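What follows is a short report on a single structure.
Where a number appears in this text, it was derived from the coordinates with a stated rule and is not lab data. Bear in mind the structure is a predicted one, so any value in this text is a computation, not a measurement. Here the Cβ positions follow ideal geometry from the backbone for every residue, glycine too, while neighbour counts run over all protein chains shown.
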Amino acid sequence: MRAVFLDFDTLGPGDIDVAPLIRHLPDLELYPHTPADQVAHRIAEADVVLINKVRLSCDTLTRATHLKLICLAATGTDNVDLAATRERSIVVCNIRNYCTPSVVQHVFALLLALTHHLREYRERLAERAWADSPQFCLLDFPTRELDGKTLGIVGLGALGRGVANVAAAFGMHIIAARRPYDATAFDAIAIDTETGDESVERVSFRDLLTRADILSLHCPLTPETEHLIDADALRAMRNDALLINTARGGLVDSAALITALREGQIAGAGIDVLRQEPPVDPEPLVDTRLPNLIITPHIAWAARESRQRAVDEMAANIGSFLRGESRNRVD
């Protein structure tokens, strides 16, 4: 059975064990990267195709006459023409809940860096501000405690729940937006924590914006949620609030966010995702340097353990398919 992995380097710099994949696909060909104009050629004779972000269009799939399985190294399936795969009876499998610990950790890394001004204090040390200070500590930037603050979550799935659990350990009050993201009445939902069930207050999206000290995004990008955080939403937020986005870049209007940060409409933002990745076109969030903005290059998911789980989950999907079973199929 011929199998190809078209963009293996998206899973890391060689620190991942691929043995689980090889056990099922001994002849697996690993391509570090596949340019768009080579995709059709590389999958033409393949029975199984493994991808992360490579796009598989209807035209490309039409020429892959042997293809039986597409296995994604991600949860999102927007890079695969699912109508075309259904028409050709090609099975598509994704992976789920593999990177929650890594994403949760990154959310709080961004949040703590913003509230404790880690970058600014590091720069002050490089300028010898501490060495030249008459005091034993520097208090140039005010730090804030998370205890007692309100965390607003948009998207209370596995990632949102993971963030909520850690936030509870910090002593934060947690609220979540009720779908659809418009004016809705109060509700509540139960989530599991290590200490038992804890209810999270469900509020309208507008109430979430006005009440949250920290707003963390964990919802998918859909026509409903595109530019969910626009100029109006940013004006509704508290001027001491922080925005964290580790979900999808298209959820946030980049230009509106730059304006909000410059004009003090919100206090700061930690962003791990952009509308275009890599950002080869002009991107306000990359091209503008602000002290209250932290940008990271889509690495919230990327702890080594998380990337290994991704491979292990792909292998489990492939093994299930070869046994004639159904696991993580996208229909």
**Request:** Please work out whether the stretch 100-295 counts as rounded, prolate or oblate from its C-alpha gyration tensor, where a ≥ b ≥ c are the square roots of the eigenvalues and a/c under 1.5 means rounded, while otherwise a/b larger than b/c means prolate and anything else oblate?
**Result:** oblate
**Request:** Show the residues, 5+ positions off or on another chain, whose built amide H is closer than 5 Å to the amide H of His173.
**Result:** Gly148, Lys149, Thr150, Leu151
**Message:** Quick check on packing: order 53-59, 162-168 by the mean number of other C-beta atoms within 10 Å, highest mean leading.
**Reply:** 162-168, 53-59
**Fill in**
The ³J(HN,Hα) series, computed from each phi in the stretch 203-210 with the Karplus coefficients 6.51, -1.76 and 1.60 at θ = phi - 60°, rounded to the nearest Hz and given as x for glycine or proline, is 9, 5, 4, 4, 5, 4, 4, 7
**Request:** Specify the longest stretch of the chain that does not include any exposed loop site, a site being one of the chymotrypsin sites (Phe, Trp or Tyr not before Pro) with a non-H, G, I, E, B DSSP assignment and at most 11 other Cβ atoms within 10 Å.
**Result:** 187-331
**Prompt:** Given Cα pairs under 8 Å that are at least 6 residues apart, what percent is the relative contact order of the chain?
**Reply:** 17
**Asked** What angle do you read, to the nearest 10 degrees and between 0 and 90, between the alpha-carbon axis of helix 158-169 and the longest principal axis of the chain?
**Response** 30
**Contour minus Cα-Cα distance for Ala316 and Arg235 (0.36 nm per residue)** = 24.6 nm
**Asked** In sequence order, what are the phi-derived ³J(HN,Hα) couplings for the stretch 39-55 according to the Karplus relation 6.51 cos²θ - 1.76 cosθ + 1.60 with θ = phi - 60°, rounded to whole Hz, with x for glycine and proline?
**Response** 4, 4, 5, 6, 9, 4, 10, 7, 8, 10, 10, 10, 9, 10, 10, 4, 8
**Item:** In sequence order, calculated HN-Hα J values of the stretch 323-328 (Karplus, 6.51, -1.76, 1.60; Hz; x Gly/Pro)
**Value:** 8, x, 9, 10, 9, 6
**Request:** Would you mind pulling out the separation of the Cα centroids of the stretch 250-303 and the stretch 89-144, in Å?
**Result:** 15
**Message:** Taking the 0 to 90 degree range and rounding to the nearest ten, how far is the long axis of helix 100-116 tilted relative to the main principal axis of the chain, both from C-alpha atoms?
**Reply:** 20
**Request:** Show the residues, 5+ positions off or on another chain, whose built amide H is closer than 5 Å to the amide H of Ala74.
**Result:** Ile95
**Prompt:** What is the stretch 1-95's relative contact order, in percent, from Cα pairs under 8 angstrom and six or more apart in sequence?
**Reply:** 28
